[in-house]
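K.L.:
Please see the structure below; I have some questions.
The values are calculated or read from the model by the stated rules, or taken from the named source; none is laboratory data. Please read all numbers here as calculations on a predicted model, not as lab measurements. Methodologically, a virtual Cβ is constructed for each residue, glycine included, from the backbone with ideal geometry; neighbour enumeration extends over all protein chains shown.
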């Protein structure tokens, strides 16, 4: 079965998971799908597989055969493709779709948050980064990935916490319920086990510890509060840089944003607006924009 | 040619390089050798190759044939073998020596620094860690490896500096000569290039930036001073924990120790003694101890 009119696929491929949204030409939602991490920095093939898996789930939910794939116009937002060699590797993919348009996860998140209009976003999820899209052009800040950047992200919070837990196990800082909870969640009895398990862990695994930082910060643990404040302070500076570009709207998005928002400055919080749509919708808006550009 | 008396080989295998010292049964130095990184956490095979390469260089410098290898009793100190699975992997090696006795790089450094006697050391090199050996037993602190631990080490200083350089390139902190020097040393023109080059770099490569931190801290750069102070503060706490065990002597060792020492507290600095011998000598002392234990 070949569709007379194209189907549109929006892909939001991040460091922890990959979401797919499949709609018809007039905007009806046909199906949605979810797969694992899709950041090509952690593996080009894994990224492609995550995109295909998320798409297949959406297509199957829609009750459509694989034949429709050749009618699908895909907009794909991916973490990591701000690095030129990774963008090129993904663009060289012999994908099964009619068309595939690739941009950053940040770009589609921004387009989604402002329903296809200009605006600024700060993502606080497994990673962290900021983007302002104005008439004057785009300003992107952060988004340097785990280890070198991504301060204030889930992976960063988790790493700080694990480092603290190891210092506490050395007797360099006090033992606490927070530290006990880290070892319990990791299912490790010793520092050696924790090191074996996490020395080469990916951001996704560190981000699983962000919840403990937030929970114990709320409960009054000073270490957790310091970690949260340090991350939030960085994100606050990032928001202020974006506000300097006078964007139409500014939105915080990503799973950790509701928890970090209370730690931002009053100045910044007063200027935030809620995000309007999910990044998958932004990915579809991006694909439609690219098609129009191609026609013009 | 088979030696009537055994030869002793001391190996100091760290995260940046592997040193070998070959002596005869009465303690005369026959030869020395140097090879690349030997931390099995970064690859078991690479670690074995580094040990063999450093040994071969020492043997060749000594003017000895490969036949002598079966008379060699090796003491091997390795980074990473505090992790049981890595120690086991190295112990299962079908090595070419008469005997091979494995312990941590920290253990042989301590034995070397105190000429085979009890004492305490703090290593400040590519990684960081502390050990106190007393009549009451051993106390080991830190040494959790890059990413989760190793605060105040060369790799840690370098990572902090690269993170700072990326924040500066985003306009979140001021540009400075320090930041310009980072991009010059990395031979990178942009943040994107720096991220591509260093996102998965090993500790050794980050440690190459420690020199810039030290140089600019001396020259008055506040960021460099803050990084150096934060690392030194951690190492100072670590020294104090070791001093609590009342060791005979305490020595700082490792390439960065002369540069970090001035940033430690007066209390700690007053109690430091110079290291007496290199870790390779400690590795030989360890092998000799193990042989005596086997005889008893």
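K.L.:
Taking residue B:194 as the residue in question, decide whether it is part of a loop (DSSP other than H, G, I, E, B), at the interface with chain A (Cβ under 8 Å from one of its Cβ atoms) and closer than 27 Å to residue A:158 by Cα.
P.N.:
no
K.L.:
Report yes if residue A:205 is more than 8 Å from every other protein chain (Cβ to nearest Cβ), closer than 25 Å to residue B:201 by Cβ and without any contact (Cβ under 8 Å) to a residue 60 or more places away in the chain, otherwise no.
P.N.:
Against the criterion (more than 8 Å from every other protein chain (Cβ to nearest Cβ), closer than 25 Å to residue B:201 by Cβ and without any contact (Cβ under 8 Å) to a residue 60 or more places away in the chain), residue A:205 qualifies.
K.L.:
Considering A:227, A:214, which residue is touching a residue at least 12 places away in the same chain (Cβ under 8 Å), surrounded by fewer than 22 Cβ atoms within 10 Å (Cβ to Cβ), more than 14 Å from chain B (Cβ to nearest Cβ) and not in a loop (DSSP other than H, G, I, E, B)?
P.N.:
Going through A:227, A:214 in turn, just one is touching a residue at least 12 places away in the same chain (Cβ under 8 Å), surrounded by fewer than 22 Cβ atoms within 10 Å (Cβ to Cβ), more than 14 Å from chain B (Cβ to nearest Cβ) and not in a loop (DSSP other than H, G, I, E, B): A:214.
K.L.:
Same structure, new question: Does residue A:187 count as without any contact (Cβ under 8 Å) to a residue 40 or more places away in the chain, closer than 19 Å to residue A:229 by Cα and assigned by TED's automatic domain parsing to the domain that holds residue A:224?
P.N.:
So residue A:187 does not fit the description; no.
K.L.:
Name the single residue, out of those in region B:181-204 being closer than 24 Å to residue B:259 by Cα and modelled with pLDDT of 95 or more, that is surrounded by the most Cβ atoms within 10 Å (Cβ to Cβ).
P.N.:
The selected residue is B:182.
K.L.:
Let me ask you something else. From A:252, A:235, grab the single residue that is assigned to a helix (DSSP H, G or I) and touching a strand residue (DSSP E or B) at 6+ places or on another chain (Cβ under 7 Å).
P.N.:
Criteria check complete, one pass: A:235.
K.L.:
Another question about this same structure. In this structure, is residue A:132 outside the structural domain of residue A:229 (by TED's automatic domain parsing), at negative phi, under 21 Å from the mean Cα position of the chain (by Cα) and at pLDDT 95 or above?
P.N.:
Yes: the conditions hold for residue A:132.
K.L.:
Can you tell me which of (1) farther than 30 Å from residue B:83 by Cα; (2) more than 14 Å from every other protein chain (Cβ to nearest Cβ); (3) touching a helix residue (DSSP H, G or I) at 6+ places or on another chain (Cβ under 9 Å) is the one residue A:222 doesn't meet?
P.N.:
Condition (3) is where residue A:222 drops out.
K.L.:
Looking at region B:130-171, which of the residues that are within 10 Å of another protein chain (Cβ to nearest Cβ) and in contact (Cβ under 8 Å) with a residue 60 or more places away in the chain is farthest from residue B:240 (Cα to Cα)?
P.N.:
B:146
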